Amino acid sequence: YKDGLKFEAALMADSKSSGSAFGSVLDRPPDSSYEIMNPHAYEQEVKVPLLNMPDIHPVIDADYSPYDIGVMGELDVRILAELFGGKELAEELTPAWDGGIYYAAQRKNAPDKSSTASVALLYLSQWKSPESAAAFVKMYDDELSKKYSQVTRDPQAETSSDEQVYNTSEGPVLIVTSGNDVFTSESFDLPTARKLQLLMLGAQQSGGSQVALNHAATFIMPQPAMK
């Protein structure tokens, strides 16, 4: 709600007319929270940053079923950053967001599908600079121990200086930094995670956009398991 007030105030300041700030917005309402949080982007009709989702089904379909897919927007980043890094980090990191997408899959042979341990997650985020990407990675590292128990770094499993690998109570976590992009995988085995990383980063470079939800699926959110 505060962002909405700031949005209207910015439009009024730019247009010098309350009619333009309200009437024109009713005629062309913002399409996303990104436009509300960035009034000048709305005014200039800047496209919302969107990342391409490649077809990852050939890699995961043997062992996983689709579970959920979605965009991690600027508002999501601010909420996460405030939760795990505090208000100061959120104010620094949020404007640096430049796109994000996630995909979750559930193990077909999971003994308990109501457990979070049955779900694996990949998340690709894009930032406006390598420095902001590094700041996000640090926050993500610090947050892992709040999500999982038995979190330990595994340098022996890392294949380059761009990788960070952690072992957790629910499987491995892979974090890969590539320029302004950060790929993270949680609970996928490392060979699968690395294949997904190559697909996700390659899709952004090629501009190809094959959405991974071509296969019909019903998504049922399991109840979180007790840690």
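The values are calculated or read from the model by the stated rules, or taken from the named source; none is laboratory data. Computed from a predicted model, the values in this text were never measured in an experiment. So basically every Cβ, Gly included, is an ideal-geometry build from the backbone, and we count neighbours across all protein chains shown. For accessibility, only protein heavy atoms count, side chains too; no ligands or nucleic acids. Shrake-Rupley method; radii C 1.70, N 1.55, O 1.52, S 1.80 Å.
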Review point. Hey, among the residues in segment 31-76 that are in a strand (DSSP E or B) and buried (at least 16 other Cβ atoms within 10 Å of the Cβ), which one's nearest to the chain's Cα centre (by Cα)?
Key: VAL71
Review point. Is it the case that some residue within segment 10-26 is at pLDDT 90 or above, surrounded by 16 or more Cβ atoms within 10 Å (Cβ to Cβ) and in a helix (DSSP H, G or I)?
Key: no
Practice item. Could you grab the pairs with beta carbons closer than 6 Å, sequence gap of 6+ or different chains, first residue in segment 190-206 and over 13 Å from ILE101 (Cβ atoms), second one hydroxyl-bearing (Ser, Thr, Tyr)? Key: ALA193/SER185
Exercise for review: Within segment 122-136, identify whether any single residue is open to solvent by 50 Å² or more (accessible area, probe 1.4 Å) and under 19 Å from VAL165 (Cβ atoms), and answer yes or no.
Suggested key: yes
**Study point:** Failed condition for ILE175, given (1) touching a strand residue (DSSP E or B) at 6+ places or on another chain (Cβ under 6 Å); (2) of a type outside the set (S, T, N, Q); (3) surrounded by fewer than 19 Cβ atoms within 10 Å (Cβ to Cβ); (4) under 18 Å from PHE84 (Cα atoms)
**Key:** (3)
Review point. Out of the residues in segment 146-168 that are at pLDDT below 95 and of a type in the set (Gly, Ala, Ser), which is farthest from GLN126 (Cα to Cα)?
Key: SER149
Exercise for review: Have a look at GLU74, GLU131, GLU92, GLU82 and point out the one that is modelled with pLDDT of 95 or more, acidic (Asp, Glu) and under 24 Å from LEU50 (Cα atoms).
Suggested key: GLU131
**Study point:** In segment 77-101, the residues that are open to solvent by 60 Å² or more (accessible area, probe 1.4 Å) and either of a type in the set (Gly, Ala, Ser) or over 23 Å from GLU170 (Cα atoms) (or both)
**Key:** ARG78, ILE79, GLU82, LYS87, GLU88, GLU91, GLU92, PRO95
Review point. Here are some conditions: (1) over 14 Å from the mean Cα position of the chain (by Cα); (2) open to solvent by less than 50 Å² (accessible area, probe 1.4 Å); (3) at pLDDT 95 or above. ALA104 meets all but one. Which one does it not meet?
Key: (1)
Exercise for review: Scan segment 94-105 and report the pairs whose first residue is under 15 Å from LEU80 (Cβ atoms) and whose second residue is surrounded by fewer than 19 Cβ atoms within 10 Å (Cβ to Cβ) and among the basic types (Lys, Arg), with Cβ atoms within less than 8 Å and a gap of 6+ or a chain change.
Suggested key: PRO95/LYS128; ALA96/LYS128; TRP97/LYS128
Review point. What residue, of ILE36, ILE60, is touching a Phe, Trp or Tyr at 6+ places or on another chain (Cβ under 6 Å) and either closer than 29 Å to ALA104 by Cβ or at pLDDT 90 or above (or both)?
Key: ILE36
